Every structure is written in C-alpha cells, then in structure tokens.
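Accompanying notes for the structure given below.
Throughout, read-outs are computed from the coordinates displayed, never taken from laboratory work. Remember, predicted model here, so these are calculated numbers, not experimental data. For neighbour counting, all protein chains shown are included, and Cβ atoms are generated from backbone atoms with ideal geometry for every residue, glycine included.
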Amino acid sequence: MAEYVSGHQPREDAKQRQRDSHRAADPAGGPLTTDQGTAVDHTDDALQAGERGPTLMEDFHFREKLTRFDHERIPERVVHARGAGAYGFFEPYESCAAFTRAAFLQDPSVRTPVFVRFSTVQGPRGSADTVRDVRGFATKFYTSEGNYDLVGNNMPVFFIQDGIKFPDFVHAVKPEPHNEIPTGASAHDTLWDFVGLQPETTHMMMWLMSDRAIPRSYRTMQGFGVHTFRFVDAEGRGTFVKFHWKPKLGVHSLVWDEAQETMGRDPDFNRRDLWMAIESGEYPEYELGVQLVPEEDEHSFDFDLLDATKIIPEEQVPVRPIGRMVLDTNPDNFFAETEQVAFHTANVVPGIDFTNDPLLQARNFSYLDTQLLRLGGPNFAQIPVNRPVAPVRTHQRDGFHQHEIHRGASYHKNSLSGGCPVVAGADPQAFQHYTERVDGAKIRKRSASFQDHYTQASLFWNSMSDWERQHIVDAFRFELGKVGTVSIRQRVVENLVNVDTELARSVAEGIGVSPPAAPAGQAPSATDASSPALSQASENLRGDGSVRTRQIAVLATEGVDGEQIAGLQDALGAEGAVVEVLAPHDGTVPGAGGGEVAVTRALPTVASVLYDAVILPDGPAEALASAAGGAGLRFVRDAYRHGKPIGALGSGVGTLATLEPGVRLAADGGGTEADHGVVTDRSAGRASDTFVRAFTDAVAAHRHYARPPMQG
Ligand code: HDE
C-alpha cells in the first residue's frame, strides 16, 4: 500500500491544505454576509431615499459588493494566459539515487502531490483552445523537500537560444500592435518577419508547423523540460538530464481544418476534455522519462547541450522511464487555483540543478519577477495552490497580502529567538548549488557550438511520415498565405532551403513567391539522418493502443435499429469509449422494433469535429443523411475528410455510399470490410464481434490520413 508525503491521500493532499485554513465558510452553514461577517438582510435592491429616490452612500453592502466586483480581475499571464489545471500525484518506479538525491525520486511507495497547468502561449485568457500554438505543460511537485516546478512545453525545443530575445519574440508572435489581430494565432506579418530574420527559430518553426501544434487533447500530448538540467547525487556528482512526459493514451492531433472549426463549435475543447475525463474517473496519466548524459560526455554531440533549440535524438540517448503522474482531481475554483498558481523554473529541490543554458538562466529571473506584478506582491507563495507541503521558515516579512502572523526575530543572526531559524549548513537535506568551475571574459557573444540552426530542423523533416510532411507544407502555406508583406514570405522560403529544398519549393509554390534560388538536391547544411521516434506515426508515440475516452457518435433517426445501437454502446463502452446517440432532436426517437431510442444530444448542437469517430447504424439511409437539414450527411463527410474512423451497418452502408469515397465498402453478405478506417458490414441486427473489433482497431489508430479523397 502506498504511503503519501505528509501522510495525506494524494487526491486530497494539495486541496486539504486549502480546506484546513483557507477554505471559504460553508455557504450552506448560515446567511449571506459582508466581508466582515455581518449578516445581510437583502441584496437585490440598494438602499435608497424613497422607492424612486437616489442611492445612499450609507449602503456599505452595496458599495462593498460593487468595489469587490470592480477589483476582480488581475493581470493575465503575459504569455500562457489561457490554461487549464488539475491536481494529481507522481510516483517513481524505482529509486533514482544513482543519479539524483531528490527525495521525491527515491521511493516507489511515496506519492508526491502535483498540480499541472496546461496552456496555449499566444492568446489571451478567453481565447480558443485549438489554435496552432505551442502548449505549456507546467508541473508543480509538492515534495517533502519543497516545491519543484518543471515548467515545460509540448515541444522539445524553443524558438530562441538566449532569453534576452524573449521580449522580441513575444512581441512578434502576439497580435499586431495597431489592431490587436489575430487572436491566438501566429499567421501574421510580425511573427514571420521575426522568424525570417532569426534563423535559430527554424527548428522550432518546423515543430510549430507540424501537427504537434494542434493536439487532440492535453491528455494526448507529450511534455518536455526543453533545457538540459542537472541531476546531482548524494555525493555531489552531476549528470545532465532532459525531461520527457509521455501520455499513456498516445500522442494524437487534430487536423487543421478541424481545429479551426472547433474554435467556433467549442472554444473550450481541450479544457472541457481534461475536465470531463477527470470527472468521469478516466484519469490522465503520463510517464516521466529522462535522457541522462554523464558530465564527461558534455562535448560528445554535434550540437551544444546548452542550446535549447536542439534535442538529443532518442536513438542516440534513450529515454529512461522513471515514474508516472496521474491527474485525478479537478480544481474547485478556477481563479483561486488555476489562475493563481505561480510556476518558477528556479523552484528546485536538492538533487536537481541548472545548467548554463542561457534561455534557462533568463527564465530563472523572469518567473519570480512576473508573479510580483501578476499576483500583486511578494507573498504569492502563501496562496493555497502555491504553498509547499514542506514547512516554510523564513525571515521574509510583511508586504502586500501577508497572511502569516510571524513571531520572533526576523533577522539572521539573532540571539533573541534562540538563533532560529538556523541555517542548514552542511546538512545533507539542504540545497547546495552544484559546484562548477566557471571563468571567462565578460562578453556578449554566443559560442560557435550554437551556430548550426538547420541540421536538426532537417532531421525533424526527414523523420516525418508522408502525411506529416504534407501537413507541415500545408501549415507553412496557410501561415505565410496570411502574411501581407511579400518580402517576408520570400525570406522565409529562402531560409527553408536550408532544411529541405523540396519543402521550400512546395511552400513557395503555394504562396506565390519565387522558388528558392538554391539548386535542386540537398542543401549543404541539411542532413540525411532521421529520428523515427519523432514521428506521430511511430510505435513510440502510439500509447497503450486503447480507445479509452474516444468520443464516438452514433447517428439515429426514426426507424433506426435501437437494439443494434444498444449492442454497440455495450461493446464499445466496455472498451472505455464514450458512445453518444445523436438525432435531429433531443429526447428519444422511435426505433425499428417499436421501442424508443434515447438520444444523448441533438445534432444541431454538435458537429463531427467534436467526435473521434462516427457510426451509421442500420436504419433508413435517406433519413439519416438528410437528418437535421443535412447535418447527418455533413457530419459523415467531415469525419471522412478529417480521416476519422467511420462505421456503417446494414442500410447505413448505403448512406456512406453516397459519398463515393473510393474506399472499399462491404458487399451484400460479405461480412465486415475495413479500408482506410471505413468499417462496413451490410448485415442487419446485432453488430458482429468482427465488426466491433475492426472498428475498435480503426479508432485506436486515431486517424486515417492516407484515405482516398472524397469524390462526392
Ligand atoms: Fe515561459 N514564461 N519564458 N517558457 N512559460 C511564463 O511566467 C519566459 C519558456 C512556460 O502555466 C511567464 O508565470 C522567458 C520556455 C510555461 O503558469 C513568464 C523565457 C518554456 C508557462 C515566462 C521563457 C516556457 C510559462 C508568464 C525565455 C518551455 C506557463 C507567466 C527565457 C520549456 C506556466 C508566468 C503556467 C510562463 C517567461 C521561455 C514554458 C513571463 C523570459 C523555453 C509552460 O515569466
């Protein structure tokens, strides 16, 4: 049986602290009060002089209510403003003592509570979830030795090498300064102007143009610490380390057209998905892996370990799984928890240390600085979501929003409080900075080992499957197609030649600029090498291959085979999928056998983009297609275009045939046919096990991109 830090259950631990001393009074425990606790008699009419007279200053409840409302907002994060969070726990698989002394990585029976916040980067707090953007993946571990924050992204590299450029990059990617357009999007002049003039962005831009920038779910994306950090063992020996989070459900993305439609259909798509999964007990799970590099191998790569625009290919240094994280509790209050959580790259614990990565060094300044403004002063670590479970004893005093009532001396050294708190000195429990010899001239200059901006961009391109490459070309064309200044488009294309001439040529063709000047064939700085582990088509990123929590729509109209639908709900539900019956209206529809089929949602309130797969059950084909003013047919066509699994049974196959998609459909009496994720069976009655298996496999594969184009 697992034990938990501080003796709390993991689900409760982080929240318990809040409940103990910070929880608002039970709303049901008494009447509405003022901030001072005085009971309020009436809150719908302000105090006024006569029924039609002026409002009186004396109404302290009215003034307090409006004042508090006027002050409800705090500055949103300057980047990563849009986010969603959850609590959970982390547990190591085995002791990591061989390379780090961090207490939370020692004992598999100790669970450490965590809070994770996922986010987009560019858009404001109210922007849509499914924009093309990097996703933040920030984890706060409430360890017994203090809080450790792993503030990562869902891409393993970054746009720039030195943090001093961060304000320039962010100004460029944020909306244009004069009209604040576009919201949440990178497809505009200033970003691409910056990109074309800063070749170090090239590798990251390849990731940003790939499907990684439009994750299906926060539960189906990887996370990366990005920088090279340093593990330190009990003897003070260092080992370079890169952190990886890998989702149990595999790495899956949307397609761009779908992502754009989802922004309108459900701007909260990713946030809702995370919330619903946790509410339904389908707890998101990620494996923590590390790439370890002995200190003596620091210079044995053809890139610099301190350069955050580079990965260490997994084929070169394998990712070693060291533990798992489960997110099992939704916050109670978005503002108090998800908005007020304050991450900081410098929140480290003994056993984890920094390297001289110039991007990381800048972050170690920025995150503390930003919270001072955003959270209104220096006491933000006292906010419940930020409080360590480890005891806090400091000489820090006063400041805005001080919640502690400190006693005794507030200086070191003192004799009046018995010298307390004492410093830990050589106590092995204390954080001791890694001893590293550093000397050099004071210069503003980047090492020559940071100068190759193309080899890994090329490696990424080489590692992609055909459909991933096509999506990257399409993304470049879309983004640059929205850039008004032709010289900016041209410059980006000229830069892409260094990655791959074919890529540059295809992009140029799509955006109406001159094909790149470079000769055909490989550019001098590009490489033939690939890293298969990077492809979403690879086994590496497939996950457990299950269909858990996939959203499957079954279209129904009057006369549909209700028993067949019930059988599908049972069979697919047993695999963990969520099966919803969609019909032209809510309530029920009469089934073929006379019974009523319960409807989960009315077709006009949903769309194919909100589901992972669709099934056309046996029923009147015409009626299915024309259901809800053609919404049924549109649903299936969208699912087809977006590569989603489509199942059809009995006469439902006839509805599919109207699409003339060029895929093979089952013949009469021919059993189940599965072709490019289209699974058909013309038999009526209960779906066969073969159909269910084939359909489940098609859903587990997520998308079927190589499908023939729709002809209808
Ligand atoms: Fe951040 N970043 N960042 N960043 N970042 C912030 O801190 C910054 C960078 C990342 O859910 C800010 O509290 C600088 C890399 C995440 O609350 C700010 C530089 C990576 C989050 C800040 C970087 C990240 C932030 C804004 C270049 C991936 C959201 C609000 C040196 C490894 C955390 C805040 C959350 C947030 C600064 C680069 C990830 C301004 C100066 C590289 C996930 O401090």
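Just a few scattered comments:
- Our helix-only sum for the chain, with -39,500 (n - 2.57) per DSSP H run of n ≥ 4 divided by its residues, gives a mean residue ellipticity at 222 nm of -8000 deg cm²/dmol.
- Under-5 Å amide H pairs with ALA648, H placed in peptide plane, nonlocal only: LEU616, VAL679, THR680, ASP681
- Over 22 Å between alpha carbons, listed pairs LYS165/LYS246; LYS165/LYS310; LYS140/LYS310; LYS310/LYS442; LYS165/LYS445; LYS140/LYS242: LYS165/LYS246; LYS140/LYS310; LYS310/LYS442
- Extension gain (nm, one decimal) between LEU372 and GLU64, 0.36 nm per residue minus Cα-Cα: 108.3 nm
- Segments 609-618, 266-275, 407-416 sorted - mean Cβ within 10 Å per residue, highest first: 609-618, 266-275, 407-416
- What the Cβ-Cβ distance of HIS71 and LEU47 gives, at R0 = 25 Å and to the nearest 0.05, is a FRET efficiency of 0.70.
- Summing +1 for each Lys or Arg and -1 for each Asp or Glu among the other residues whose beta-carbon sits under 15 angstrom from that of ASP452 gives -2.
- Contact order normalised by residue count of the stretch 82-386, Cα under 8 Å, 6+ apart, percent: 24 percent
- Which of CYS96, CYS420 has the fewest Cβ neighbours within 10 Å, and the rest in rising order: CYS420, CYS96
- Environment charge at PRO75 (Cβ cut-off 12 Å; Lys +1, Arg +1, Asp -1, Glu -1): +2
- Net charge over other residues, Cβ less than 11 angstrom from the Cβ of ALA607 (K, R count +1; D, E count -1): -1
- Anchor LYS482: lysines whose Cα lies under 17 Å away (excluding residues fewer than 8 positions away in-chain): LYS174
- Net length gained if the chain between ALA234 and GLU404 were fully extended (0.36 nm per residue, minus Cα distance): 57.8 nm
- Globularity index of the stretch 576-662, i.e. its alpha-carbon radius of gyration over 2.2 N^0.38 Å: 1.02
- Global form of the stretch 545-700, assessed from the alpha-carbon gyration tensor, a/c cut-off 1.5: rounded
- For the stretch 654-702, the percent of C-alpha pairs falling in each 5 Å distance bin, counted from 0 to the bin holding the largest distance, reads 5, 22, 30, 26, 15, 2.
- Highest average packing first - 258-264, 441-447, 141-147, Cβ atoms within 10 Å: 141-147, 258-264, 441-447
- Normalised by residue number, the volume inside the convex hull of the Cα atoms of the chain is 224 Å³ per residue.
- When the trypsin sites (Lys or Arg not before Pro) in the stretch 68-110 are filtered for DSSP coil states and for at most 13 other beta-carbon atoms within 10 Å of their beta-carbon, the remaining sites are ARG73.
- DSSP bridge pairs, the chain: antiparallel proportion in percent, nearest 5: 75 percent
- Loop trypsin sites (Lys or Arg not before Pro), the stretch 620-712, which have at most 10 other Cβ atoms in a 10 Å radius of their Cβ (DSSP): none
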